[in-house]
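Heads up: the structure comes next, in structure tokens.
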Amino acid sequence: MSTIETVTPVAAPPRPAFKVNWVRLSPLLYTVGLFVIWEVGVRLSGLPHTIFPTPTRVFEAIVQYWSPIWKNSLQTLYTTVLGFIIAIVAGLGIGLFIGWSKTIYAGLYPIMVGFNAIPKVALVPILVIWFGIGTVPAVLTAFLISFFPIVVNVATGLATIEPETEDVLRALGAKKMDIMLKVGIPRSMPYFFGSLKVAITLAFVGSVVSETVASNSGLGNMMASAQSNFNVPLVFAGLLMLAVEGIAMYALMAWVEKRMTGWAHRSTMAQ
Amino acid sequence: MATPLVSIENVDMRYGGPDGTLAVSGLNLKIERGEFVAVVGPSGCGKSTLMKLTTGLHIPQSGVVIVANSQVTKPVSIVGMAFQNPTMLPWRTTLENILLPLEIVEKHRHRLRAHKAEYVAKAERLLETVGLKGFGDKFPWQLSGGMQQRANLCRALIHEPELLMLDEPFGALDAFTREELWCVIRDLHASQDVTIVLVTHDLRESVFLADKVVVMSARPGRVISEHVVPFERPRQLELLYEPAFNEMVQKLHGEIATARAAA
């Protein structure tokens, strides 16, 4: 590194005054590109708005129906985040519990896999019987669908402690609790924060599914009623809002992951 | 003569139930206080089992292991261990890694918070001894393999263990780094009141460092011979090229080859 620093001031050619960073710019360009293709494709095919609206028509709908869209977006964000927070707490707890011992891990893992295989949409009617329609089933569906990846990742982090590390500490008289606190839990944190990105996306799936089937509010409900009125641009507007919320929350989780477990991203940090 | 620090008498150790593999059988070994013992032998001869027996990570099915005048029935906590894999925790700095044993060992864990500065100073002295002065605030993954292994030695020594167990600590290093670290270990042994057991495949390493070289048989492992190393201390690296040194290495090599063939 030092050699490069000493050489460049002499040998470096004058940098061009303006240089486009294509990598930084590409997410924007690709998104714009997608909308352009969509617009042109729909116009050329001549499909009516009630089948497949153009993006301009969708944006029009967003402006036109901004008040209900905003209200329902907040509702969906609220149920999703609430379910997600419950999933974090429960997922961490269950993950630590499962990873604690090989016996518990072996015993509970098949049950968890079986539970995870159940389509969560099938649980919504049961939740409605228990809690009525509205916010509660949406929150619970978001929770149920998103806690599994958290559990699996935390448990995996705990279960894969290097035996040498464990030997070194046990030879010093460490108790199981010591090993968990000093090694197991910090070690499982990258797995945990990594799983949050998956979990938040799933939480949106859960809350929207539940809102669509059994709710009077939220983007899922809004899209369902828009669809029954053949207001297809509004359906697409709802999809677009979901995508925006999903990207925002994913980016937030990715940022949190990077902040909390920078040591696990050492290859990128070292440069 | 004083009682030995470690005394292993007629120990059998079998893994995986009554029909499992017999790792060591009829193992007898005495290690005096302050002694530097190297254990060599064909692979799979139970060297690592010997380490785990001595540290109390395994309790033998038959026979007795006595460390510091008491029979081993649980981890003994007067030992420091270092393996071939440095196993530094990547989320802690090198200094924090070295202080880790102090957070575990009963004698220190309650004092650590109040006497932090004292312990940090001690860790930094150790770092200096192994040639890592000023690297304490680096993360382990910012260090080279040889530097990580030096830090690993510091971690094994920070709680002033009476017994230091080294399981092929230099196995993964290049030849020059390895020789450098031989000298580090040699100086540590000379300057500190510590008993060292070194498990190794490298016969030159064993003869260069140890007072006594113990040769183990193929599985089930037992001690087939003990050789006192006659060379005077302090030993210099030039010793590696002396005929008497190579003669001894060759003799050990022959013994292990015979032990392998017998298996």
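Each value in this text was obtained by applying a stated rule to the coordinates, not by laboratory testing. Computed from a predicted structure; not experimentally measured. Please note: Cβ atoms are built from the backbone with ideal geometry, for glycine as well, and neighbour counts cover all protein chains shown.
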message: In the stretch A:209-224, whose amide N lies under 19 Å from the spot 7 Å out along Cα-to-Cβ of A:T50? List them in ranges.
response: A:223-224
- line: Per chain B, sqrt(5λ) over the Cα gyration tensor eigenvalues, sorted largest first, in Å, gives 30, 23, 17
field: Spin-label pair B:W141/A:V63, simplified geometry with 7 Å Cα→Cβ offset, distance in nm
entry: 4.9 nm
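Within a Cβ distance under 13 Å of B:Y241, other residues only, what is the Lys/Arg minus Asp/Glu net charge? Write out the running numbers ahead of the final one.
Values: positive: B:R204, B:R235; negative: B:E179, B:E238, B:E242, B:E247.
It works out to a net charge of -2.
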- request: Only loop residues by DSSP count here, and only those with at most 16 other Cβ atoms within 10 Å; note down the chymotrypsin sites (Phe, Trp or Tyr not before Pro) in the stretch B:202-263 that meet that.
  value: B:F231
Rough spin-label spacing in nm, given labels placed 7 Å along Cα→Cβ, for A:L181 and A:E39: 6.0 nm
query: What is the sum of charges around B:D193, taking Lys and Arg as +1, Asp and Glu as -1, for the other residues whose C-beta is under 10 Å from the C-beta of B:D193?
result: -1
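Cut-off is 10 Å between beta-carbons; in what order do B:H110, B:H201, B:H58 appear when sorted fewest neighbours first? Display every interim value, and only then the final one.
Working: B:H110 9, B:H201 14, B:H58 21.
Ranking B:H110, B:H201, B:H58 by Cβ neighbours within 10 Å, fewest first, gives B:H110, B:H201, B:H58.
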- request: Please order B:K74, B:K122, A:K258 by the number of other Cβ within 10 Å, starting at the fewest.
  value: B:K74, A:K258, B:K122
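Working from the alpha-carbon coordinates of the stretch B:154-254, get Rg over Rh, Rh being the Kirkwood radius.
Numbers: Rg = 13.8 Å, Rh = 14.5 Å.
In the stretch B:154-254, Rg relative to Rh is 0.95.
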- line: Out of A:S195, A:L140, A:M177 - ranked by how far each Cα lies towards the positive end of the dipole of the stretch A:121-204, with unit charges on the beta-carbon of charged residues - the top one is A:L140
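I'd like the FRET efficiency for B:K74 and A:I85, computed as 1/(1 + (r/R0)^6) with the beta carbon distance as r and R0 of 51 Å, rounded to 0.05.
Numbers: r = 42 Å, r/R0 = 0.82.
Step by step, r from the Cβ atoms, then E = 0.75.
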message: Please arrange A:I185, B:I8 by how many other C-beta atoms lie within 10 Å of their C-beta, fewest to most.
response: A:I185, B:I8
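Relative contact order of chain A: what whole-number percent is it, with Cα pairs under 8 angstrom and at least 6 residues apart? Can you show the working numbers first?
On the way: 303 pairs, mean separation 66.5, N = 271.
Dividing the mean separation by the residue count of chain A yields 25 percent.
If you count, for every residue in A:231-241, the Cβ atoms of partner chains within 10 Å of its Cβ, what is the mean?
Details: counts 0, 0, 0, 0, 0, 0, 0, 0, 0, 0, 0.
The shielding value for this peptide is 0.
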- prompt: Which of the listed residues, A:A117, A:I94, A:L240, is farthest toward the dipole's positive end in the protein assembly as shown, when Lys, Arg count +1 and Asp, Glu count -1 at the beta-carbon?
  reply: A:L240
query: In the protein assembly as shown, with Lys and Arg counted as +1 and Asp and Glu as -1 at Cβ, which of these residues, B:F231, B:A121, A:G157, has the Cα nearest the positive end of the dipole, that is, farthest along it?
result: A:G157
field: Sites matching chymotrypsin sites (Phe, Trp or Tyr not before Pro) across the stretch A:177-271 that sit in DSSP coil, with at most 14 neighbouring C-beta atoms within 10 Å
entry: A:F230
- prompt: Sorted by mean Cβ packing within 10 Å, highest first, what order do the peptides B:42-50, A:112-120 take?
  reply: B:42-50, A:112-120
message: Please compute the Kirkwood hydrodynamic radius of the stretch A:65-261 from all pairs of different C-alpha atoms, in Å with one decimal.
response: 18.1 Å
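Using Cα pairs closer than 8 Å and at least 6 residues apart in sequence, work out the relative contact order for chain B, in percent.
On the way: 483 pairs, mean separation 68.8, N = 263.
For chain B, the relative contact order is 26 percent.
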- prompt: Want the number for A:F18 to A:K258: 0.36 nm per residue separation, take away the alpha-carbon distance, what's left?
  reply: 83.3 nm
task: Subtracting the Cα-Cα distance from 0.36 nm times the residue separation, let me have the gained length for A:V32 to A:W130 in nm, one decimal.
output: 30.8 nm
field: Rounded to the nearest 20 debye, dipole of the stretch B:2-145 from Cβ charges on Lys, Arg, Asp, Glu
entry: 340 debye
- prompt: Under unit Cβ charges (Lys, Arg +1; Asp, Glu -1), what dipole magnitude, rounded to 20 debye, does the stretch A:65-261 have relative to its Cα centre?
  reply: 160 debye
Relative compactness, the protein assembly as shown, computed as alpha-carbon Rg over 2.2 N^0.38 Å: 1.34
- prompt: For the stretch B:1-107, what is the largest minus smallest coordinate of the Cα atoms on each principal axis, given in angstrom and ordered from greatest to least?
  reply: 43, 38, 25
field: Dipole moment magnitude, nearest 20 debye, the protein assembly as shown about Cα centre, only Lys, Arg, Asp, Glu C-beta charged
entry: 1320 debye
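Quick check: convex hull of the Cα atoms in the stretch A:10-144, volume per residue, rounded to a whole Å³? It would help to have the intermediate numbers written out before the result.
Numbers: hull volume 39.5 nm³, N = 135.
With only Cα atoms used, the stretch A:10-144 gives 292 Å³ per residue.
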- request: Hey, could you get me the Stokes-Einstein D for the stretch B:86-160, Kirkwood radius over alpha-carbon pairs, 20 °C and 1.002 mPa s, rounded to whole µm² s⁻¹?
  value: 178 µm²/s
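What FRET efficiency do you get for B:R33 and A:A159 if R0 is 35 Å and r is their Cβ-Cβ distance, rounded to the nearest 0.05? Mind showing how you got there, number by number?
Numbers: r = 40 Å, r/R0 = 1.14.
Computed FRET efficiency for B:R33 and A:A159: 0.30.
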- request: Could you give the DSSP H helices of chain A that reach 24 angstrom or more along their long axis (alpha carbon positions) and whose average Kyte-Doolittle hydropathy is no lower than -1.0?
  value: A:22-45, A:66-100, A:135-159, A:185-213, A:232-260
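Restricting to Cα atoms and excluding each atom paired with itself, what does the Kirkwood estimate give for the stretch B:134-208 in Å?
Working: mean 1/r = 0.0765 Å⁻¹.
Computed over Cα pairs of the stretch B:134-208, the Kirkwood hydrodynamic radius comes out at 13.1 Å.
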